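Below is one structure, written out as structure tokens, with a few remarks after it.
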Amino acid sequence: MKYFTGKFLRLRAVSVLAVLLFSLGCIKVKQDRETARLLKTEDAEQVELIKEVNRFARVNSMRAKMDLKFEDNSFAEFGMKESYRNADGEVVVQRPGKILLKVQIPIIHSDVAQMTSDGDTFRVAILQDGGTGKFKKFVKGTNSADYSKLQKSFTLTDPGVDKSAKQGVNAFANLRPQHFTDAMLVRPTDDGNVYTQSSIFQIEQDTSVERKSPVRTVMRGYYLLDEFAKQTDGSLKIARRFWFDRVGGIRLARQQIFDAKGEIESDIIYGQEGNLTGSGNYNNLPLQITVTRPKEKYAMTLKYQSPEAVTIGTAFPDAAFVLQNSWNLEVVDLDQKLRESSALQQINSNSNTSGTRFH
């Protein structure tokens, strides 16, 4: 009896397994799921990537008319950001880190702000504030200083101020001209640094394809060229990372600059390439540059108005990069304010310590 019972159970188990396999075979797998389209990539050696960086670095000075667009990312942590209307800009840059930037109202070309950096210090003149006159300032400071503690001082909360004026003044007050020098004048590679090459693939949206197209989502390949600076103790610290688009050739598409802590200081995106000047000597250079500053929570896009009218190679006097307060604006010395803030914190700290009692 046990023999027949065991045989029956085995036959039943086989029957159930057969039914399951048959059922699985009848399930129709959906085939129309959208997947990223893998784009064909080109190969390059590290020496070619370094050569491309140094090709960009051939530009040692530039003067250009540009369209500027600001984005305030102050609310990025909440998934929001505010974009401001485009402004006209005139930019003069020169190595090793000098820049003059004039921001103007379109059409009438009235200056909204002017700013300079001589490589060590910066000056910003806020010339328009919506007509109130309360926020016209002449701000100056040191390039290497960290003014994050003072940032709230330059965020306008006065309910009586026009919203658009408030946005504009906030943007310009926190803008630093030196943030754009390394974006427009890429520094050449250094034999004293260490470079490594790697590759990465990213899923992106192909904006040249219609939004609803099933082939809009693509997987694009990049080369990464990391630059490491040697430290006095023999260690290495990342300084820059270059992204090279490998689709349809090798193109420098992005540059990331890191601070002393290894955090991203500037994230620079290079747009479609074209020819600058009419000389034929500066071809295949970006016609649009977007600089994102995560710490300052803003981004600015610079686009050449007339690429053929750009001037490259002119030597400008040092005085051109030291803005003078010819408008007699109220001066805001950020270094002095930083010292005052630190002193006040120290006083408060000592007060709290002296007020502590142990029982």
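Quick rundown of the values:
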{"quantity": "Index of the failed condition, Asp267 passing every other in (1) closer than 18 Å to Gly89 by Cα; (2) under 21 Å from the mean Cα position of the chain (by Cα); (3) of a type outside the set (Ser, Thr, Tyr)", "calculated": "(1)"}
{"quantity": "Residue match in the stretch 79-94 (condition: over 15 Å from Leu302 (Cβ atoms) and at pLDDT 90 or above)", "calculated": "yes"}
{"quantity": "Within the stretch 160-189, considering residues that are under 28 Å from Phe228 (Cβ atoms) and of a type in the set (D, E, K, R), the one modelled with the highest pLDDT", "calculated": "Arg187"}
{"quantity": "Residue in the stretch 229-244 that is of a type in the set (Gly, Ala, Ser), modelled with pLDDT of 95 or more and closer than 27 Å to Val91 by Cα present", "calculated": "yes"}
{"quantity": "Scan of the stretch 103-129 for residues that are closer than 27 Å to Asp182 by Cβ and among the aliphatic types (A, V, I, L, M), ordered by number", "calculated": "Val103, Val112, Ala113, Met115, Val124, Ala125, Ile126, Leu127"}
{"quantity": "Some residue of the stretch 346-353 being β-branched (Val, Ile, Thr) and free of Cβ contacts under 8 Å to residues at least 60 places away in the same chain", "calculated": "yes"}
{"quantity": "Lone qualifier among Thr301, Thr311 - being in contact (Cβ under 8 Å) with a residue 40 or more places away in the chain, outside the structural domain of Phe201 (by TED's automatic domain parsing) and under 24 Å from Tyr222 (Cα atoms)", "calculated": "Thr301"}
{"quantity": "Cβ pairs under 6 Å, 6+ apart, first in the stretch 267-290 and more than 14 Å from Trp243 (Cβ to Cβ), second surrounded by fewer than 16 Cβ atoms within 10 Å (Cβ to Cβ) and charged (D, E, K, R)", "calculated": "Gly278/Glu308"}
{"quantity": "Test: Ala229 is in contact with a Lys or Arg (Cβ under 6 Å, 6 or more places away or on another chain), more than 19 Å from Met184 (Cα to Cα) and surrounded by fewer than 17 Cβ atoms within 10 Å (Cβ to Cβ)", "calculated": "yes"}
{"quantity": "Among residues of the stretch 237-254, those that are in a loop (DSSP other than H, G, I, E, B) and surrounded by fewer than 18 Cβ atoms within 10 Å (Cβ to Cβ), counted", "calculated": "3"}
{"quantity": "Members of the stretch 255-264 that are surrounded by 17 or more Cβ atoms within 10 Å (Cβ to Cβ) and free of Cβ contacts under 8 Å to residues at least 40 places away in the same chain", "calculated": "Gln256, Phe258"}
{"quantity": "All positions within the stretch 101-159 that are modelled with pLDDT under 70 and acidic (Asp, Glu)", "calculated": "Asp158"}
{"quantity": "Qualifying residues in the stretch 282-317 (those that are among the β-branched types (Val, Ile, Thr) and part of a strand (DSSP E or B)) - the one nearest to Gln94 (Cα to Cα)", "calculated": "Ile312"}
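The values are calculated or read from the model by the stated rules, or taken from the named source; none is laboratory data. The shown structure was predicted, so the numbers you read here are calculated from the model rather than taken from an experiment. Positions of Cβ are generated from backbone atoms using ideal geometry, with glycine treated the same way; all protein chains shown enter the neighbour counts.
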